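Please read the structure below before turning to the comments.
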Amino acid sequence: MCVNRNFWLVVGLVWLLPLTAAADEVQQQLNVCTADATAPGVRVAACGWLIDQKKGVPPDRQLAVYFNLARGHDGLGEYDRATRIYAFLLEHIPPEAREHALVRARRGDSYRLQGDWARAIADYDWLLERHPNELQVRGNRAISYAQNGQPARAIADYDEVMRQLREAGREIGDNVYLLRADAYGRNGELDKAIADCDRALAIRASSPGYNQRAWTYYRAGRHAQAVSDVEQALALDPLNAHAAGTLAHLLVVRGQAGQAKLMFERAMLLGGTAKIKQYQTALSGHGYKVDPTGRYDPPTNKALIACLEAGCGLVE
């Protein structure tokens, strides 16, 4: 779905911005604001300059400025700001317009990236009712379903993606098999998850692929195979935070709590805020008093030590 810039002419929402800025200055900022190669922070600054200072933006480009401002916030990880701007745009773009679908897809992606799975799914539902062959949207809805505790629906979406790819004579990438493997695992269908990992690794030997299979082996109690695979994952990518976490769990099984703690800390270092929050949420689920701050703070350290000493199971 591509932006048709002529669309902004017919939206019907026109601000009467005073033409106080020099035309060349406005054009320069417009170019920076809307260029695909612009860095997110620079994009936000340029688009914000055009909006906040009430410069003379041509009427046919004004909504494009807001759209690109939202893109900039997305790029900075400021998804809450981005979704508010997308919502504003959707109020002014007719639902039947192709650009409405584009903006809604971007908002769905923003909701997904901030972990607001239900709202992401709602936007993807709207899109797929009207555009059932949008494979990227369907794949993103599947990811959201899996994260939202609806793995069976995720599997159904991945099945449909694969069906459409086969019908079109296109190859199914290893990433699709790995994503469906994750959904199968979440649905407790570990043998099917392993089979999908096998298919993915037959296409391409990758660190995520070996780690996904290692994690599934771990959950199936096949620890020796899990160790072999996670070592392969880390050999291919020593900075794979998820693989570090998988190895940490396997060290717990071996009774090596001290080494496990170091590996969990490595996973948090590599994975950053998202990984720390994931472990904090898991520790809280085990009954430890931990807030999901996204920082490896003393309460998190204390809870992790206690959990490991108790031989607790899943920490993610």
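The values are calculated or read from the model by the stated rules, or taken from the named source; none is laboratory data. Since this is a predicted model, take the numbers as computed values, not measurements. A quick note on method: Cβ atoms are made from the backbone with ideal geometry, for glycine too, and the neighbour counts reach across all protein chains shown.
Quick look at the numbers
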quantity: Filter result (at pLDDT 95 or above, part of a helix (DSSP H, G or I) and within 26 Å of the chain's Cα centre (by Cα)) within segment 284-303; calculated: T300
quantity: Flag if R141 is free of Cβ contacts under 8 Å to residues at least 40 places away in the same chain, buried (at least 23 other Cβ atoms within 10 Å of the Cβ), of a type in the set (D, E, K, R) and not assigned by TED's automatic domain parsing to the domain that holds L201; calculated: yes
quantity: Subset of segment 281-312 that is among the small types (G, A, S) and surrounded by 18 or more Cβ atoms within 10 Å (Cβ to Cβ) - its residue that is nearest to H249 (Cα to Cα); calculated: A282
quantity: Residue among D80, D116 that alone is exposed (fewer than 14 other Cβ atoms within 10 Å of the Cβ), under 29 Å from T281 (Cβ atoms) and not small (G, A, S); calculated: D80
quantity: Condition check for A267: touching a residue at least 40 places away in the same chain (Cβ under 8 Å), touching a helix residue (DSSP H, G or I) at 6+ places or on another chain (Cβ under 8 Å) and not assigned by TED's automatic domain parsing to the domain that holds R204; calculated: no
quantity: Residue that is nearest to the chain's Cα centre (by Cα), among those in segment 248-264 that are under 21 Å from G209 (Cα atoms) and touching a residue at least 24 places away in the same chain (Cβ under 8 Å); calculated: F264
quantity: Failed criterion for Y177 (all others in (1) assigned to a helix (DSSP H, G or I); (2) assigned by TED's automatic domain parsing to the domain that holds T300 hold); calculated: (2)
quantity: Checking A274 against (1) among the small types (G, A, S); (2) surrounded by fewer than 14 Cβ atoms within 10 Å (Cβ to Cβ); (3) part of a loop (DSSP other than H, G, I, E, B); (4) under 22 Å from the mean Cα position of the chain (by Cα), the condition it does not meet; calculated: (3)
quantity: Any hit, segment 122-131, residues being aliphatic (A, V, I, L, M), within 13 Å of the chain's Cα centre (by Cα) and not assigned by TED's automatic domain parsing to the domain that holds A70; calculated: no
quantity: Test: residue in segment 246-255 that is of a type in the set (A, V, I, L, M), out of contact with any helix residue (DSSP H, G or I) (no Cβ under 7 Å at 6 or more places or on another chain) and assigned to a helix (DSSP H, G or I); calculated: no
quantity: Every residue from segment 57-77 that is surrounded by 16 or more Cβ atoms within 10 Å (Cβ to Cβ) and part of a loop (DSSP other than H, G, I, E, B); calculated: V57, P58
quantity: Among the candidates Y158, Y177, Y184, residue that is touching an Asp or Glu at 6+ places or on another chain (Cβ under 6 Å) and not basic (K, R); calculated: Y177
quantity: Cross-chain or 6+ apart pairs with Cβ under 8 Å, segment 294-311 first and closer than 13 Å to T281 by Cα and free of Cβ contacts under 8 Å to residues at least 40 places away in the same chain, then surrounded by fewer than 14 Cβ atoms within 10 Å (Cβ to Cβ) and hydrophobic (A, V, I, L, M, F, W, C); calculated: G294/A274
quantity: Every residue from segment 213-245 that is more than 27 Å from D297 (Cβ to Cβ) and outside any helix (DSSP H, G or I); calculated: A220, G221, R222, D237
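For every residue, the table says whether it meets (1) surrounded by fewer than 17 Cβ atoms within 10 Å (Cβ to Cβ); (2) over 23 Å from the mean Cα position of the chain (by Cα).
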residue	(1), (2)
V161	no, no
R170	yes, yes
A193	no, no
N211	no, no
Y218	no, yes
H223	yes, yes
D229	no, yes
